[in-house]
Each structure stands twice: as structure tokens, then as C-alpha cells.
Amino acid sequence: MLLSKVSPGIFDGNEPYRASGQFISQHDVSARTLTAVLGPETASALFGTRDPVGQTIKLKGYRFNVIGTLEAVGGSMMGISMDNVIYVPITTFQTRLFPQRTASGEDAIQQIAIKVKSTEVMPDTQDEITSILRRRHRLTGDEKNDFSVISQQQIVSIINQVTGVFSLFLGAIAGISLVVGGIGIMNIMLVSVTERTREIGIRKAVGAKRRDILVQFLLESGVLSLIGGGIGILGGWGVSYIISQIPVGNMKIHSLVTPDIIGLAIGVSLVIGLASGIYPAMRAARLNPIDALHYQ
């Protein structure tokens, strides 16, 4: 569960949709009232099917009056569902629930969220915030910052770097698997050519051309690869379904197998099969009919 401290202006005029009751008001902030607004998951866990508005909950020994509930919004923060949340006035949070103070006696703040008008002013805004906080923290000269200023662009960049490395790692594994699979298909087809040498000789003796033998073995190689690709697609769909059903904390990972991924898998399987079958098919097509008929 996420306990969040708010003021009326935190959502920039776009407060969460209420399912019932009301949201935190300026009066609640000014008067430091013991009021709370519940997310849908929290309300369901605490009160079941009953209407929570007008009920009380206890937080750190204080009884809070529930004044409203919110509609489901989805999403999560640090693995915690945004629907499993309790909103209380920021002043109540600072004075009653977690009355931490700075060395100068002011309310301690662990995090500040700032909204900028556009991405173009982000660098200047970060520099100005850093300058203000250094003055407030009385940092001078080469003293290191005892705080960090991070933008969403930096967070997205870090996430992209991590996912990029992860994608390269998975791509390398997939590439090795494709090479090994291709070698396996080639070996199977070479054994098939050897075992069916007399069959090839008979087909050539009754009029089959090199092109016919080549196409036959290429088709067999392609079908063999497609069967393996189909099994892999079914296995991937099954793993994806299992992952989607396993909760991670208070949320679930939504894993999907989309048509474009299926098409890509089929295409790659077919290409690998045809590429692996070229050498065995050419070897079969070049067999001399007389030698093939005499092969034991």
C-alpha cells in the first residue's frame, strides 16, 4: 500500500476521478485535518463491498475519517499499484504521521516533483534547482551535492540503456540458437540425402531434373524448420501466458504475443530452414543417376 501526502494543487487541477465522496481540500490542508481518500484496491481490502465514505481508518494510532474514494487508474510506482493508495493532507502527514525536521527546524522533505512547460527548458530548470538547493543546504565551492536532481528524460535514458543491453544479450542468445538450429537442420538433411540416394537415382532415371530434386529437399528443409518454429511459437505463447498470471508484488506483468511477432518468427524459421537446406539439396541434385542406383 502507498501512503501519499497531497495538497489540492498537486494534480494541476486534474485530480483523480472520484468514485464517491470528495477529495482533499485546501481547508483540510490548512486545518491539518485527519481525513483520507482511498484508492479502489485499498477501499476493497478494508471495507469489502461497503461504502468507505464516513468510515474511519487508523494510521499510526490516529483515526482518519474517509471522505472519498477514487476510481481505478491502473499503473504502478516502485512495484506498488496506484490503486492501492491512501491520500492524506500534506500538513497532516508532516505534523502527525511523520513529523521529521531539518537541522533548522523546518519540515523535512524527501522528494520534490516539479513540472516544466516544455523539454526545452529542462536543462536550465535543473541548473536553477541545483543552484537553489545548494544555497539552501549551504554548500559552497567544491562541496558535493547532498541531493540529486533527476529529470524524466534521464530516467528514460537509463531505462533505455538497460533494456538495450538486455535486448543485445537476448539477441546474442537468439543468434547462437539460430546458428545451432541451422546446423542441426543441415545435418538432418545430409543424413536424409545419404539414406535416400537410391530414391534420388530412381527419380532421376524416370525423368526428374536437378531442379526438381533441389526444390524437393529445399521444401523438406523449410517444412522441418517451420514445424520447429511452430513449436517455439506455442512454447513462447505458453510462457507469456504464465508470466502474465504471476503477480509481482501488487502488480502483474502483461506479456503479449502479437501477430507481428508470430509473423517474424515464421519468417525467420523459413529463412533459416531454406539457408540450411541449400547445401544438402545441391548435393542431392548433383548425384549421378547411375552411381545413385548402385548405392547400397
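So which of SER81, SER76 ends up being crowded, with 19+ Cβ neighbours inside 10 Å, in the same structural domain as ILE24 (by TED's automatic domain parsing) and at pLDDT below 85?
SER81
Given the structure, is PHE64 crowded, with 16+ Cβ neighbours inside 10 Å, more than 13 Å from VAL85 (Cβ to Cβ) and in contact (Cβ under 8 Å) with a residue 12 or more places away in the chain?
Spelling it out, PHE64 is indeed crowded, with 16+ Cβ neighbours inside 10 Å, more than 13 Å from VAL85 (Cβ to Cβ) and in contact (Cβ under 8 Å) with a residue 12 or more places away in the chain.
For the range 207-224, does any single residue satisfy the condition of being among the small types (Gly, Ala, Ser) and farther than 25 Å from VAL179 by Cβ?
Looking for residues that are among the small types (Gly, Ala, Ser) and farther than 25 Å from VAL179 by Cβ, one finds at least one in the range 207-224, hence yes.
Considering the range 28-61 alone, what residues qualify as being part of a helix (DSSP H, G or I) and under 15 Å from TYR87 (Cβ atoms)?
Result: ASP28, VAL29, PRO40, GLU41, THR42, ALA43, LEU46.
Residues ASP212, ASP146: which one is charged (D, E, K, R) and at pLDDT below 85? Let's see the steps before the verdict.
Numbers: ASP212 fails: at pLDDT below 85.
Result: ASP146 is the single residue among ASP212, ASP146 that is charged (D, E, K, R) and at pLDDT below 85.
Restricted to the range 143-165, and to residues that are free of Cβ contacts under 8 Å to residues at least 24 places away in the same chain and outside any helix (DSSP H, G or I), which residue is nearest to the chain's Cα centre (by Cα)? Before the answer, list the steps.
Taking the range 143-165 as the starting set, the residues that turn out to be free of Cβ contacts under 8 Å to residues at least 24 places away in the same chain are 143-150, 152, 154-165.
Among the residues that remain, those that are also outside any helix (DSSP H, G or I) are: 143-150.
Details: GLU143: 38, LYS144: 35, ASN145: 33, ASP146: 32, PHE147: 29, SER148: 26, VAL149: 25, ILE150: 22 Å.
Per the stated criteria, the residue is ILE150.
One line per residue, one yes/no per condition, for (1) of a type in the set (Ser, Thr, Tyr); (2) part of a loop (DSSP other than H, G, I, E, B); (3) within 27 Å of THR92 (Cα to Cα):
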position: ILE114; (1), (2), (3): no, yes, yes
position: LYS117; (1), (2), (3): no, yes, no
position: GLU120; (1), (2), (3): no, no, no
position: ASP124; (1), (2), (3): no, no, no
position: GLU128; (1), (2), (3): no, no, no
position: ARG135; (1), (2), (3): no, no, no
position: ARG138; (1), (2), (3): no, yes, no
position: GLY141; (1), (2), (3): no, yes, no
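With the checklist (1) modelled with pLDDT of 80 or more; (2) more than 22 Å from the chain's Cα centre (by Cα) in hand, flag the one item LEU168 doesn't pass.
LEU168 satisfies every listed condition except (2).
The values are calculated or read from the model by the stated rules, or taken from the named source; none is laboratory data. This one's a predicted model, so the numbers in the text were calculated from it and none came from an experiment. Cβ coordinates were reconstructed from backbone atoms using ideal geometry, including for glycine residues, and neighbour counts include every protein chain displayed.
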